Amino acid sequence: MDEIGKFLEMGGYAGFVWPSYAAVLAVLAVLLWLSLRGLRAAEGELSRLEGDAGGARRGGGHEGASET
Amino acid sequence: MKLATVVTPWLGWLTVVLCGAGLYLGLYGSPADYQQGETVRIMYVHVPAAWMALFCYTALAVSAGVGLIWRHPVAEVAARATAPIGACFTFLALLTGSLWGKPMWGTWWVWDARLTSMLVLFFLYLGYLALNSAFDDPQRGARASAILALVGLINVPIIKFSVDWWNTLHQPASIVRMGGPSVHPAMLWPLFLMIGAFTTYYLWVLMLRMRRELTASRLRARRRMQAEEAGV
Amino acid sequence: MKRKHKRLTFAAVGLALVGVAAALALSAFEESIVFFHSPTDVAEGKVEMDRRIRLGGLVEAGSVQKQADAVTGFRITDGAHAIAVTYQGILPDLFREGQGVVTEGRLRGATFVAEEVLAKHDETYMPPEVADALKKSGRWQEEAGKGAAKTGGPGK
């Protein structure tokens, strides 16, 4: 327990060391999440549109595009 | 495109492993510094972020240049995908540097050559991103921002050598210097692991963003085709 | 093919021009980019009296004296010259004898009255045990001297 406390204390510099690591992890995680989400959204839409295009040739409309 | 899909998850796993090992060594498995005590641990995120900020800018300018001269569409996509990642790294280098400077130097910020040129780099990234999306025609945006990226490339050697050319508060280079690194091996290990983790992170997110851009352009082409079909 | 070559030439010439312009601008602003002056600059009369400037160098070993009212007196040296400095206030954690500092203030006669003191650290990082071992084995002087030459000298 004491050892954990000492570790968290960072020799009195806890207020500088931990925010540095937290900021780095937070910013990089958010950027990763945004990039992943963007890719998923684009891929999802493309596959929907491509699946739709087969139907479109058989005489269907273009509902895939109107959904978003 | 297929290769990118295969490689992406591997880059992700590599980043997680390197980052885990680097964090363990950096926060727990390495000694404090004889002068700076525990604050030296900020180095393990500050230095990789600063290096990647310069690396990403160089990659951005080179691919923007290739896109400008050879009109290579994938190079343009790579440049556009790199910019936000590099901007994040630059922001983090400035932020962690400030958090390190306060306890050690006694100030959050000074206008010395190294810090100022790093701030200029951050604005170059923002300028690139703004200019890139400022035009209705994405082609013109890519060209205008590519010129900005190439002009701004001059800032990279200025940042690197600012600590040698002028009196700065920032200390000179510790790793890439004559006579080998002046960092003890026990501290060099977590540093290199984190630099590795930041590099694979960059490649990972680059793959994700490039795949998104390429998918989006296929989407646009598909939409145009559909619109024409519907029009007939 | 021809258009591509033309673009390549344009880009190369443009980059070269920007490089030359930046080099010119930097050499013109040389004086204002210098973050601090060394004691030698002061001794050679390159620094105006009573103007707010920054003075940087190493804290001379054995020169630090705590005076009344939280005033600290010390000497800043670059190996060639040393200037007496007084400062009232809290010093940064890294402020130590033999360590680099940058002070901001005014030159009043022979004494530099600092209003702000910033610590400058060198590029050496090592665990305390290693530093102790180096000191014991006598290799320390060489290491410290290297740091001093880098920190104290004019940066060019």
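The values are calculated or read from the model by the stated rules, or taken from the named source; none is laboratory data. Fair warning: this is a prediction, and the values are worked out from it, not measured in the lab. Heads up, the Cβs are rebuilt from the backbone with ideal geometry, glycines too, and the neighbour counts pull from every protein chain shown.
Could you tell me whether segment B:81-90 includes any residue that is assigned to a helix (DSSP H, G or I) and closer than 27 Å to residue C:122 by Cβ? Explain how you work it out, then say what you get.
Applying the first criterion (assigned to a helix (DSSP H, G or I)) to segment B:81-90 yields B:81-90.
Next, from what is left, pick out any that are closer than 27 Å to residue C:122 by Cβ: B:89-90.
Yes, segment B:81-90 contains a residue that is assigned to a helix (DSSP H, G or I) and closer than 27 Å to residue C:122 by Cβ.
How many residues does segment A:3-44 hold that are of a type in the set (Gly, Ala, Ser), farther than 23 Å from residue B:26 by Cβ and either surrounded by 18 or more Cβ atoms within 10 Å (Cβ to Cβ) or within 7 Å of chain B (Cβ to nearest Cβ) (or both)?
Filtering segment A:3-44 for residues of a type in the set (Gly, Ala, Ser) gives A:5, A:11-12, A:14-15, A:20, A:22-23, A:26, A:29, A:35, A:38, A:41-42, A:44.
Those still in the list that are farther than 23 Å from residue B:26 by Cβ too: A:35, A:38, A:41-42, A:44.
Going one step further and asking which of them are either surrounded by 18 or more Cβ atoms within 10 Å (Cβ to Cβ) or within 7 Å of chain B (Cβ to nearest Cβ) (or both), we end up with A:35, A:38, A:42.
Total satisfying the criteria: 3.
Just checking, how many residues over segment B:5-60 are outside any helix (DSSP H, G or I) and in contact (Cβ under 8 Å) with a residue 24 or more places away in the chain?
Let us first name the residues in segment B:5-60 that are outside any helix (DSSP H, G or I), namely B:28-37.
Keeping just the survivors that are in contact (Cβ under 8 Å) with a residue 24 or more places away in the chain gives B:29-31, B:33, B:36.
Here the count works out to 5.
Go through the residues of segment B:189-197 one by one and say whether even a single one is of a type outside the set (A, V, I, L, M), surrounded by 18 or more Cβ atoms within 10 Å (Cβ to Cβ) and more than 14 Å from chain C (Cβ to nearest Cβ).
Looking for residues that are of a type outside the set (A, V, I, L, M), surrounded by 18 or more Cβ atoms within 10 Å (Cβ to Cβ) and more than 14 Å from chain C (Cβ to nearest Cβ), one finds at least one in segment B:189-197, hence yes.
Considering only segment C:58-67, I want to know if a residue exists there that is without any contact (Cβ under 8 Å) to a residue 60 or more places away in the chain and either closer than 24 Å to residue B:166 by Cβ or outside the structural domain of residue C:135 (by TED's automatic domain parsing) (or both). Full working, then the answer.
First, the residues of segment C:58-67 that are without any contact (Cβ under 8 Å) to a residue 60 or more places away in the chain: C:59-67.
Then drop every residue that is not either closer than 24 Å to residue B:166 by Cβ or outside the structural domain of residue C:135 (by TED's automatic domain parsing) (or both), which leaves C:59-60.
Within segment C:58-67, one or more residues are without any contact (Cβ under 8 Å) to a residue 60 or more places away in the chain and either closer than 24 Å to residue B:166 by Cβ or outside the structural domain of residue C:135 (by TED's automatic domain parsing) (or both).
Go through (1) touching an Asp or Glu at 6+ places or on another chain (Cβ under 7 Å); (2) crowded, with 18+ Cβ neighbours inside 10 Å; (3) farther than 25 Å from residue B:181 by Cα; (4) touching a residue at least 40 places away in the same chain (Cβ under 8 Å) and name the single condition residue C:83 misses.
Result: residue C:83 passes all but (1).
Can you confirm whether residue C:133 is of a type outside the set (Lys, Arg), closer than 30 Å to residue B:191 by Cα and more than 10 Å from chain B (Cβ to nearest Cβ)?
Details: of a type outside the set (Lys, Arg): yes; closer than 30 Å to residue B:191 by Cα: yes; more than 10 Å from chain B (Cβ to nearest Cβ): yes.
Spelling it out, residue C:133 is indeed of a type outside the set (Lys, Arg), closer than 30 Å to residue B:191 by Cα and more than 10 Å from chain B (Cβ to nearest Cβ).
Conditions: (1) more than 11 Å from chain C (Cβ to nearest Cβ); (2) over 24 Å from residue A:23 (Cα atoms); (3) free of Cβ contacts under 8 Å to residues at least 60 places away in the same chain. Residue B:97 meets all but one. Number of the miss?
Result: residue B:97 fails condition (2) only.
Conditions tested, residue by residue: (1) touching a Lys or Arg at 6+ places or on another chain (Cβ under 7 Å); (2) aliphatic (A, V, I, L, M); (3) assigned to a strand (DSSP E or B).
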position: C:86; (1), (2), (3): no, no, yes
position: C:92; (1), (2), (3): no, no, no
position: C:98; (1), (2), (3): no, no, no
position: C:101; (1), (2), (3): yes, yes, yes
position: C:104; (1), (2), (3): yes, no, yes
position: C:112; (1), (2), (3): no, no, yes
position: C:115; (1), (2), (3): no, no, yes
position: C:122; (1), (2), (3): yes, no, no
